[in-house]
Every structure is written in C-alpha cells, then in structure tokens.
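Asks: Mind looking over this structure? Questions follow.
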Amino acid sequence: MKRDITSLLDLSKEEMIYLIDRAITLKNALREGKISEPLKGKTLALIFEKPSTRTRVSFEVAMYHLGGQVVFLTKDVTQMSRAEPVKDTARVLSRYVDIIAMRTFSQELIEEMAKWASVPVINALSNKYHPCQVLSDLMTAKEFKGKIEELKIAWVGDGNNVAQSWINAASRLDFILHIACPKGHEPDPDVLRLAEEKDNIILTHDPVEAVKDADIVNTDVWVSMGEETQRKEKEVFRAYQLNLELLSHAKSDAIVMHCLPAHRGEEITDEVIEGPQSVVFEQAENKLHLHKAILEWLVLSNES
Ligand code: CP
Ligand code: NVA
C-alpha cells in the first residue's frame with residue numbers, strides 16, 4: 001500500500017521506532033562494508049524549491065547506496081513554474097519514478113502532491129514541518145542516550161517548522177518536550193491542538209525553565225527560509241540564545257542539537273556549537289542513514 005510522509009503524523013509510534021532502529025542497523029552495515037541494493041532499478045525524484053545542503057545530498061547518496069538513481073529538479077525548471085497543476089505533475093511523475101521527495105514553501109502543495117501521486121511522497125521540508133529532520137534527530141538521541149522515552153528534550157528559540165515536527169513526534173512518542181519561544185513566535189496553535197491529548201508537551205516563554213535538567217537542548221535559526229522579508233525582530237530572541245549560561249541549566253551530560261545551517265552568535269554561540277556537548281555533525285550524518293531507512297520502507301511497501 002502506498003504510504004507518504006508529509007508529516008510525522010502520517011506515521012504510527014511503531015513505524016517511527018522501526019525507522020529509527022532500521023537507520024541504526026543501516027549505519028552499522030555501512031560501517032562494516034556490507035552492501036545491499038534493494039532499490040536497484042528504482043528512481044527518486046527530488047523537487048526542491050528552497051536551498052539545501054544536507055537534505056538534498058543525503059537523499060541522493062542514500063538512493064545511490066540503495067542501488068537506485070535520482071532525478072533532481074528545481075520547481076522552476078518544471079512546468080509547475082508555468083502553472084501546470086500539482087495534481088497533473090504528480091500523476092505524470094508517478095509514471096516515471098518510484099518515489100518523490102519535495103522541499104517547498106507550502107505544506108498544502110506537498111499534501112496535494114501526495115494525494116495525486118501513486119508513488120510515495122516525502123516532505124523534505126515545508127514552512128510547516130521538517131519530519132525527516134526530526135526522525136534523524138531522534139535516531140541521534142537514541143544513539144547518545146540509549147533511549148527516547150522519558151528523555152527531557154528542550155527546544156529554545158523560534159516555534160518553527162522543525163519545532164512543529166518535534167511536537168508531532170512528541171504526540172506519538174513518550175519523551176517530554178519543553179518548548180521555550182518568545183511571545184509571538186510560538187508554534188502554530190493548530191499543531192499544538194493536534195497533540196492536545198498528550199501532557200508531555202509543555203510550552204513556556206522561559207528558556208531556563210525549558211532547559212532545566214534537560215537531556216537534550218535543541219535550537220534552530222531565528223529566521224527560516226522564506227521568512228527573510230518578514231523583518232523578524234532579532235532582539236526578542238536574544239534571551240533564547242543557546243549559550244554556555246543557558247546550557248548550564250541542563251543536565252551535565254546533556255547533548256546539544258541543531259539541524260544546521262546555524263547562525264553563530266544568534267541562536268547559538270560558537271563555544272556551544274563547537275563544544276564537547278554538541279552533536280550537530282552526528283545529526284547531519286544520521287540524515288543519510290535515516291533517509292535510507294525511509295526510502296527502503298516506502299518504496300518496498302508500495303510494492304507489497
Ligand atoms: N538540516 C537541513 O535540512 O539542512 P539543509 O537545509 O542543508 O538540507
Ligand atoms: N527552520 C529552518 C530549517 C533549515 C533546515 C528553515 O526552515 O530554514
């Protein structure tokens with residue numbers, strides 16, 4: 001049956017755990033030089049409307065490792081730039097490729113692509129969500145902390161697409177998510193409403209409260225792609241900068257996460273991102289392994 005990952009809400013708790021564990025297995029297999037090419041002859045279309053280093057390269061390399069191939073498209077080179085409907089593009093691409101990953105502004109566009117494509121569609125980042133990022137970050141959490149459940153994970157800064165995928169994840173998995181955002185920059189109330197039956201998601205305006213005794217402290221840019229013209233007031237974010245003082249409130253063995261790219265001196269200081277608690281490059285690497293798990297699972301389950 002065809003499955004999509006337009007957001008983490010498309011996955012059950014068991015499926016999320018499966019993908020995380022499978023990614024760890026694939027990482028170990030790569031380290032041991034074991035080669036398996038379950039997607040030989042399969043093709044991934046990447047459609048990117050925003051820049052990317054990690055997500056694009058890790059999806060491409062993941063597909064190559066699995067034996068498949070990739071077609072990379074920017075939206076402006078397709079007829080979508082000349083108003084060909086997404087529903088037509090989805091049905092055409094489904095005749096050529098076995099899976100589509102899309103990075104764009106509008107979450108609705110990705111959902112429309114998924115609705116009309118007969119092949120799986122993956123959200124590779126929208127203004128609303130970044131589901132694959134959070135799945136690979138959960139993989140990193142499991143590697144460093146040995147578990148996910150019962151961890152206290154703090155998010156400080158903007159209540160953005162990555163934060164909103166963390167909320168989705170916390171609505172499925174049993175970790176405590178403590179989010180601290182400045183007033184006016186909280187996550188979308190609709191995203192919080194989707195998780196309202198869970199009491200493990202706590203929203204505050206106090207960064208120290210969020211970080212206190214955390215196992216993982218997470219942050220991201222204050223201005224996401226596409227928000228550059230919004231004239232966001234950076235001063236309101238200053239108290240949410242992840243610096244050594246704020247980090248000192250977390251557990252002494254806490255790890256620091258940032259999905260990258262980072263703006264040193266804004267949301268995180270150089271000392272923290274380069275410091276011993278930072279795992280940002282492990283996070284970046286794990287995108288490769290997690291994307292392999294996703295591609296393998298989605299393509300093979302569409303065949304059965
Ligand atoms: N973390 C992440 O998605 O990075 P890119 O924008 O480089 O893909
Ligand atoms: N919140 C950031 C994440 C980049 C990977 C953005 O959307 O620009």
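Derivation of every value follows stated rules applied to the coordinates shown; laboratory data play no part. The shown structure was predicted, so the numbers you read here are calculated from the model rather than taken from an experiment. For neighbour counting, all protein chains shown are included, and Cβ atoms are generated from backbone atoms with ideal geometry for every residue, glycine included.
Asks: Treating the Cα atoms of region 199-304 as identical point scatterers in vacuum, please give the log10 of the normalised Debye intensity I(q)/I(0) at q = 0.11 Å⁻¹, two decimals.
Replies: Those come out to -0.45, one per q.
Asks: Still on this structure, please answer the following. Out of region 1-109, which trypsin sites (Lys or Arg not before Pro) are coil in DSSP terms and have no more than 11 other C-beta atoms within 10 Å?
Replies: Answer by residue number: Lys34, Lys40, Arg95.
Asks: Something else: Work through the residues other than Val280 whose Cβ is under 13 Å from its Cβ and net out their charges, Lys, Arg +1 and Asp, Glu -1.
Replies: Result for the local shell: -4.
Asks: Given an 8 Å cut-off on Cα distances and at least 6 residues of separation, report the relative contact order of region 178-304 as a percent. Present the calculation step by step, with values, prior to reporting the outcome.
Replies: On the way: 140 pairs, mean separation 30.5, N = 127.
After rounding, I find 24 percent.
Asks: Next question. With 10 angstrom as the radius, rank Val97, Val61 by how many other C-beta atoms surround their C-beta, starting from the fewest.
Replies: Val61, Val97
Asks: For the residue pair Asp174 and Asp21, what label-to-label distance in nm results when each label sits 7 Å from Cα along the Cα-to-beta-carbon direction?
Replies: Going by the 7 Å Cα→Cβ label model, 1.5 nm.
Asks: Which of the lysines could a cross-linker bridge to Lys115, judged by Cα under 25 Å and excluding same-chain residues fewer than eight apart?
Replies: By straight Cα distance, Lys115 reaches Lys2, Lys13, Lys42, Lys50, Lys75, Lys87, Lys128, Lys292.
Asks: To one decimal place, what Kirkwood hydrodynamic radius in Å is obtained for region 132-286 from all pairs of distinct Cα atoms?
Replies: 15.2 Å
Asks: Taking the alpha-carbon distance from Lys212 and a cut-off under 19 Å, which lysines remain once sequence neighbours fewer than 8 residues away in the same chain are dropped?
Replies: Excluding near neighbours in sequence, the set is Lys145, Lys152, Lys251.
Asks: Still on this structure: Taking 0.36 nm per residue of separation and subtracting the Cα-Cα distance, what length does fully extending Lys115 through Glu271 add?
Replies: 51.7 nm
Asks: Relative contact order of region 75-140, please, whole-number percent, based on alpha carbon pairs below 8 angstrom and at least 6 residues apart.
Replies: Relative contact order comes out at 29 percent.
Asks: How do His65, His263, His249 rank when sorted from fewest to most other Cβ atoms within 10 Å of their own Cβ?
Replies: Placing the least packed residue first, the sequence is His263, His249, His65.
Asks: Please give, to one decimal in nm, the separation of the simple spin-label points placed at Lys13 and Lys147, each 7 Å out from Cα toward the Cβ.
Replies: It works out to 1.4 nm between the two label points.
Asks: Given the options Ala169, Ala195, Ala29, state which has the largest fluctuation in a GNM of the chain using a 10 Å cut-off (strictly under) for Cα springs.
Replies: Fluctuation is largest for Ala29.
Asks: May I ask you to derive the FRET efficiency for Ile202 and Glu84 from their Cβ-Cβ distance with R0 = 41 Å, giving the value to the nearest 0.05?
Replies: About 0.40, to the nearest 0.05.
Asks: Same structure again: Kindly state, to the nearest 0.05, the FRET efficiency for Leu300 paired with Glu227, given R0 = 35 Å and r defined as their beta-carbon distance.
Replies: The pair Leu300/Glu227 has a calculated efficiency of 0.40.
Asks: Right, something else. Convex hull over the alpha-carbon atoms of region 1-157: what's its volume per residue in Å³?
Replies: Given the Cα convex hull of region 1-157, per-residue volume reads 130 Å³.
Asks: Also: Determine, from the Cβ-Cβ distance of Arg95 and Gln69 and an R0 of 25 Å, the FRET efficiency 1/(1 + (r/R0)^6), rounded to the nearest 0.05. Working shown, then result.
Replies: Values: r = 16 Å, r/R0 = 0.64.
After rounding, the FRET efficiency stands at 0.95.
Asks: In whole Å and largest first, what semi-axes does the C-alpha gyration tensor of the chain yield when each eigenvalue is scaled by 5 and square-rooted?
Replies: Output for the chain: semi-axes of 31, 22, 17 Å.
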